[in-house]
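Notes for the one structure printed next.
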Amino acid sequence: MISLFMTFSDPKGERRIHVADLAAAAAMVGAVPGMAEGLLFTPLEQSVDHPYKADGRGPVSALQLRFPNLFACEAAMDRGGVLAGLAAGRGLPSLVGLDVTHQAMVTRAYPVDDAKYANGTVTPCSYLVHYPGPADDMNAWNLHYLEHHPSIMRSFPDVRQIEIYTRIDWVDRLPSQRVDYMQRNRLMFDSPQALALALSSDVIKRMRADFVRFPPFAGGNKHFPMLTRIVPAGERGEGGTSR
């Protein structure tokens, strides 16, 4: 599985995506050809306690589009396609003029103890993390991280999804800026409150203990809690969250 990430950021931290544009963006995401599923991320209305609040509110919006293979992903990144329109903010006034980046990555999914959302879950919450890099030795970095960190992540209470994304080479004709982060992660929870509870548990101490053993790398990391709207392929409606 290949994931395409698109991130819409305001360097001043003042812009917000309008509700109408959010619905229109979801409809556009659902119309992307060859996509298996889309995730549409928006900032929390109110901040939640987590260990990395100093990283800020996060982007105005972000997308993760899943494709069955790289060729389907590349085909969707043509200059005249839906994704090019999203990158340019076409028909989405509150996204026009933002800094937009994109990156295609390999999706590595890991098991969780209970993937079923709790009753009453309307809009899940994702914890998005990225490491810009580089690492001194990418193979050593990936070996350590992939062999140690997912098993610790799995012990977070009520975590519903664990995914880690690693770099690939890809081609595209999108108008947005390509980035080459060495790694991204995403943890999914039922709600911002469930995320805050998990990150206040003793598991975070184990995460930090492993962090100090990481092979040498530059660039630091960033952590953003984001509300998550799940858009199935072919979803064009204006309604609420689909799962």
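The values are calculated or read from the model by the stated rules, or taken from the named source; none is laboratory data. From a predicted model like this one, the values you see are computed outputs, not experimental measurements. No Cβ is skipped: glycine too gets one built from the backbone with ideal geometry, and neighbour counts run over all protein chains shown. These area figures cover heavy atoms from the full protein model, side chains too; ligands, DNA and RNA do not enter into them. Shrake-Rupley method; radii C 1.70, N 1.55, O 1.52, S 1.80 Å.
Can you list residue pairs whose Cβ atoms sit under 8 Å apart, with the first residue in region 132-150 being free of Cβ contacts under 8 Å to residues at least 40 places away in the same chain and the second being among the small types (Gly, Ala, Ser) and not in a helix (DSSP H, G or I)? Count only pairs 6 or more apart in sequence or on different chains.
Every condition considered, no pair remains.
I want to confirm something. Restricting to region 39-74 and keeping residues that are loosely packed, with under 14 Cβ neighbours inside 10 Å and assigned to a helix (DSSP H, G or I), which single residue is modelled with the lowest pLDDT? It would help to see each step written out before you state the result.
Narrowing region 39-74 to residues loosely packed, with under 14 Cβ neighbours inside 10 Å: 45-47, 49, 51, 53-54, 56, 68-69, 71.
Then keep just the ones that are assigned to a helix (DSSP H, G or I); that gives 53-54, 71.
Numbers: Lys53: 73, Ala54: 70, Phe71: 97.
Of everything passing the filter in region 39-74, Ala54 is modelled with the lowest pLDDT.
Scan region 4-14 and give yes if some residue there is among the polar types (S, T, N, Q), in contact with a Pro (Cβ under 8 Å, 6 or more places away or on another chain), over 23 Å from Gly80 (Cβ atoms) and part of a strand (DSSP E or B), otherwise no. Break it down stepwise before answering.
As a first pass, look at region 4-14 and keep what is among the polar types (S, T, N, Q): 7, 9.
Adding the requirement that they be in contact with a Pro (Cβ under 8 Å, 6 or more places away or on another chain) leaves 7, 9.
Filter once more, so that each one left must be over 23 Å from Gly80 (Cβ atoms): 9.
Remaining after also requiring part of a strand (DSSP E or B): 9.
Yes, that holds for at least one residue.
Just checking, how many residues over region 18-38 are in contact with a strand residue (DSSP E or B) (Cβ under 6 Å, 6 or more places away or on another chain), among the aliphatic types (A, V, I, L, M) and open to solvent by 30 Å² or more (accessible area, probe 1.4 Å)?
Matching residues across region 18-38 total 1.
Please work out which residue is nearest to the chain's Cα centre (by Cα), limiting yourself to region 126-170 and to residues that are polar (S, T, N, Q) and within 30 Å of Ser47 (Cα to Cα).
Step one: of region 126-170, the residues polar (S, T, N, Q) are 126, 139, 142, 151, 155, 161, 166.
Then keep just the ones that are within 30 Å of Ser47 (Cα to Cα); that gives 126, 151, 155, 161, 166.
Working: Ser126: 7, Ser151: 20, Ser155: 21, Gln161: 12, Thr166: 13 Å.
Once the filter is applied, the top-ranked residue is Ser126.
Name the single residue, out of those in region 1-43 being among the β-branched types (Val, Ile, Thr) and touching a helix residue (DSSP H, G or I) at 6+ places or on another chain (Cβ under 8 Å), that is nearest to Lys222 (Cα to Cα). Spell out the reasoning first.
Taking region 1-43 as the starting set, the residues that turn out to be among the β-branched types (Val, Ile, Thr) are 2, 7, 17, 19, 29, 32, 42.
With touching a helix residue (DSSP H, G or I) at 6+ places or on another chain (Cβ under 8 Å) added as a condition, the list becomes 2, 17, 29, 32, 42.
Values: Ile2: 22, Ile17: 21, Val29: 25, Val32: 28, Thr42: 16 Å.
Ranking the candidates gives Thr42 first.
Considering only region 88-108, state which residues are touching a helix residue (DSSP H, G or I) at 6+ places or on another chain (Cβ under 9 Å) and modelled with pLDDT under 95.
Answer for region 88-108, where residues must be touching a helix residue (DSSP H, G or I) at 6+ places or on another chain (Cβ under 9 Å) and modelled with pLDDT under 95: Ala88, Gly89, Arg90, Gly91, Leu92, Pro93, Ser94, Leu95, Val96.
Any residue that is of a type in the set (Val, Ile, Thr), open to solvent by 40 Å² or more (accessible area, probe 1.4 Å) and in contact (Cβ under 8 Å) with a residue 12 or more places away in the chain - is there at least one of those in region 167-184?
Checking region 167-184: at least one residue is of a type in the set (Val, Ile, Thr), open to solvent by 40 Å² or more (accessible area, probe 1.4 Å) and in contact (Cβ under 8 Å) with a residue 12 or more places away in the chain.
Look at region 98-132 and say how many of its residues are surrounded by fewer than 18 Cβ atoms within 10 Å (Cβ to Cβ), more than 22 Å from Leu70 (Cα to Cα) and small (Gly, Ala, Ser).
Number satisfying all stated conditions: 3.
Would a scan of region 186-203 turn up a residue that is closer than 19 Å to Ala140 by Cβ, hydrophobic (A, V, I, L, M, F, W, C) and open to solvent by less than 20 Å² (accessible area, probe 1.4 Å)? Don't jump to the end; show me each part of the working.
Within region 186-203, the subset closer than 19 Å to Ala140 by Cβ is none.
Within region 186-203, none of the residues are closer than 19 Å to Ala140 by Cβ, hydrophobic (A, V, I, L, M, F, W, C) and open to solvent by less than 20 Å² (accessible area, probe 1.4 Å).
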